[in-house]
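To start, the structure itself, in structure tokens.
The values are calculated or read from the model by the stated rules, or taken from the named source; none is laboratory data. Note that the structure is a prediction, hence the values are computed from the model and not measured. All Cβ positions, glycine included, derive from the backbone under ideal geometry; neighbour counts span all protein chains shown.
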Amino acid sequence: MVDIQVSNRKSQNSILFLTTLGVYLGLVFIGATPQVLAQEAATTKNFALKDEVELKDDLDKKPDDETSTLSESLGVYLQDVEYFLASLRNLSVNGKFDVGRDTFEVAQSTLLPCVAANKAGSYTANTFRLTNEALRPSLERFSKLLTDGYSLADCRASQQFQGQEVTHSRFTFAFGDNDFSVQVSVKKLSAADAVRAAGALALARTMLAGPANGIIRQLLLEHTSFKSENDQVFVITRFPRAGLDSLLAKDAK
């Protein structure tokens, strides 16, 4: 069976989450960073086609609400990325964002104890670089939306929290010389769980595709992929830098 733990987080929850973390992350971004979490070395382990087929057979036997919940988590992620692109578009229209010149990179790791309704944990700002200060509010808002790893991580015992179970997630988003990318990674209980989760997310993406999507959402679906490395799952959205200008020129409906 595929054991994937997710919560039914709607977009409204994302807005409430901003208020809860705003003060703390404000301190993080100005330099009051917690201890940087060690990153484990990983070797790429992509799920095979037969694994995906087996996963589909297994998922088809699960209750509809379980697979729907996974699709909702992915849908919230796509909605957050779409919202961020819309904010960049508005800045560009108002002359505050130069697609041909500006760059940025933001990365953060998060440990959240597995306690109901808990938002208190360890937040480590690994990177926050930008060439245009007008972008800072949009970058900080997007960072807060990405912080919880979309509830895709498994609860695991942590020495940092005296053996208490926590979820471990990390995000990176950047606009550099070659591309625009967003990457969210979460830790699962094992490498096998990570492989299954990556396959299940790929299947969830097919549930979200369809003619009802707007142009931006459809492009996001096409440019979002999933992979596993050891016990981690990665959700990655990537566009070539040259393509971002035309992307921002389209209406995000």
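Look through A157, A153 and report the one residue that is within 18 Å of the chain's Cα centre (by Cα) and either of a type outside the set (S, T, Y) or farther than 30 Å from K96 by Cβ (or both). Let's see the steps before the verdict.
On the way: A157 fails: within 18 Å of the chain's Cα centre (by Cα).
Going through A157, A153 in turn, just one is within 18 Å of the chain's Cα centre (by Cα) and either of a type outside the set (S, T, Y) or farther than 30 Å from K96 by Cβ (or both): A153.
Of (1) among the hydrophobic types (A, V, I, L, M, F, W, C); (2) in contact (Cβ under 8 Å) with a residue 60 or more places away in the chain; (3) farther than 19 Å from F142 by Cβ, F239 satisfies all except one. Which?
(3)
So which residues in the range 199-236 are of a type in the set (S, T, N, Q) and within 16 Å of Q183 (Cα to Cα)? Walk me through it before giving the result.
At the first step, the residues of the range 199-236 found to be of a type in the set (S, T, N, Q) are 206, 213, 218, 224-225, 228, 230, 232.
Correct list: T224, S225, S228, Q232.
Taking K62 as the residue in question, decide whether it is surrounded by 13 or more Cβ atoms within 10 Å (Cβ to Cβ), at pLDDT below 75 and either part of a loop (DSSP other than H, G, I, E, B) or not small (G, A, S) (or both). It would help to see each step written out before you state the result.
Working: surrounded by 13 or more Cβ atoms within 10 Å (Cβ to Cβ): yes; at pLDDT below 75: yes; either part of a loop (DSSP other than H, G, I, E, B) or not small (G, A, S) (or both): yes.
Answer is yes for this residue.
Could you figure out which of (1) crowded, with 17+ Cβ neighbours inside 10 Å; (2) of a type in the set (S, T, Y); (3) in contact with a strand residue (DSSP E or B) (Cβ under 7 Å, 6 or more places away or on another chain) isn't true of S138?
It fails just one condition, (3).
Collect the residues in the range 159-209 that are modelled with pLDDT of 90 or more, out of contact with any Pro (no Cβ under 8 Å at 6 or more places or on another chain) and acidic (D, E), keeping them in residue-number order.
Answer for the range 159-209, where residues must be modelled with pLDDT of 90 or more, out of contact with any Pro (no Cβ under 8 Å at 6 or more places or on another chain) and acidic (D, E): just D193.
Is it true that some residue in the range 143-154 is of a type in the set (S, T, N, Q) and either out of contact with any Ser or Thr (no Cβ under 9 Å at 6 or more places or on another chain) or at pLDDT 90 or above (or both)? Don't jump to the end; show me each part of the working.
Within the range 143-154, the first condition is being of a type in the set (S, T, N, Q), and the residues that meet it are 143, 147, 151.
Narrowing further to those that are either out of contact with any Ser or Thr (no Cβ under 9 Å at 6 or more places or on another chain) or at pLDDT 90 or above (or both): 143.
Yes: the range 143-154 contains one or more residues that are of a type in the set (S, T, N, Q) and either out of contact with any Ser or Thr (no Cβ under 9 Å at 6 or more places or on another chain) or at pLDDT 90 or above (or both).
Are there any pairs with C-beta distances below 6 angstrom linking a residue in the range 218-231 that is under 12 Å from R205 (Cα atoms) to a residue that is assigned to a loop (DSSP other than H, G, I, E, B) and small (G, A, S), with the two at least 6 apart or on different chains, and if so which?
Between residues of the range 218-231 that are under 12 Å from R205 (Cα atoms) and residues that are assigned to a loop (DSSP other than H, G, I, E, B) and small (G, A, S), the close pairs are L221/A209.
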